[in-house]
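Student: Quick one: structure below, then a few questions.
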Amino acid sequence: MTYTQIALGAVFIAAFIDLEVLQTRLLKRKVFWTSYSIILPFQLLTNWWLTSRNIVMYKADTILGFRIASAPLEDLFFGFALILSVMSTWVYLGRKGLNN
């Protein structure tokens with residue numbers, strides 16, 4: 001399995017959990033996209049720092065080959081899935097009164 005497949009699978013799973021399992025529906029809310037637009041530059045900066053210094057490296061045959069800020073495009077997909085998962089869980093637990 002390639003990193004591309006894993007990253008796209010993570011996006012699909014995170015979206016399914018948000019929309020169907022937890023039903024927080026953050027993907028349909030402006031507040032999520034605003035939050036993501038604030039987080040994204042920091043993700044790009046971190047990805048750039050880690051990949052440009054060869055702290056994190058990828059085999060060419062496991063990624064698409066498109067890079068943004070020195071990191072593979074797949075890192076954006078994977079980061080998006082992580083952010084969506086954490087925020088969905090946080091909202092869900094908050095509604096249940098469990099994140100205090």
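Student: In nm, to one decimal, how far is the modelled label at R29 from the one at L82, with both set 7 Å along Cα→Cβ?
Tutor: Distance between the two pseudo-spin positions: 2.2 nm.
Student: If you don't mind, there's one more thing I want to ask. In deg cm²/dmol, rounded to 500, what helix-only [θ] at 222 nm does the chain give when every DSSP H run of at least 4 residues adds -39500 (n - 2.57) and the total is split over its residues?
Tutor: Details: 3 runs with 61 residues, N = 100.
Helix contribution divided over all residues of the chain: -21000 deg cm²/dmol.
Student: Once you place label points 7 Å from the Cα toward the Cβ at L98 and F42, how far apart are they in nm?
Tutor: Going by the 7 Å Cα→Cβ label model, 2.5 nm.
Student: For a quick protection proxy, order the peptides 19-25, 72-78 by their average other-Cβ count within 10 Å, most packed first.
Tutor: Result, highest mean first: 72-78, 19-25.
Student: Provide the per-residue ³J(HN,Hα) series for region 4-11, in order, calculated from phi with Karplus coefficients 6.51, -1.76, 1.60 and θ = phi - 60°, each as a whole number of Hz, with x at glycine and proline positions.
Tutor: 4, 5, 5, 5, 5, x, 5, 5
Student: While we're here: How far apart, in nm, are the 7 Å Cα→Cβ label points at L19 and S52?
Tutor: That separation, rounded to one decimal, is 3.6 nm.
Student: Which aspartates and glutamates, on any chain, are close to K30 with Cα under 17 Å apart, when same-chain ones fewer than 8 places away are left out?
Tutor: D18
Student: Treating only the Cβ atoms of Lys and Arg (+1) and Asp and Glu (-1) as charged, compute the dipole magnitude of the chain about its Cα centre; round to the nearest 20 debye.
Tutor: Values: 9 positive and 5 negative charges, 73 e Å.
Dipole about the Cα centre, nearest 20: 360 debye.
Student: Return the Rg/Rh ratio of the chain with Cα-based radii and a Kirkwood Rh. Spell out each step's value before the answer.
Tutor: Working: Rg = 15.0 Å, Rh = 14.5 Å.
Rg divided by Rh gives 1.03.
Student: Given the options A71, I6, M87, identify the residue whose Cα lies farthest towards the positive end of the charge dipole of the chain (+1 on Cβ of Lys, Arg; -1 on Cβ of Asp, Glu).
Tutor: Comparing the listed Cα positions along the dipole, M87 ranks first.
Bear in mind that the values in this text are calculations on the coordinates, not laboratory data. All values reported here derive from a predicted model rather than from experimental measurement. Using ideal geometry, Cβ is built from the backbone for each residue, glycine included, and neighbour counts are taken over all protein chains shown.
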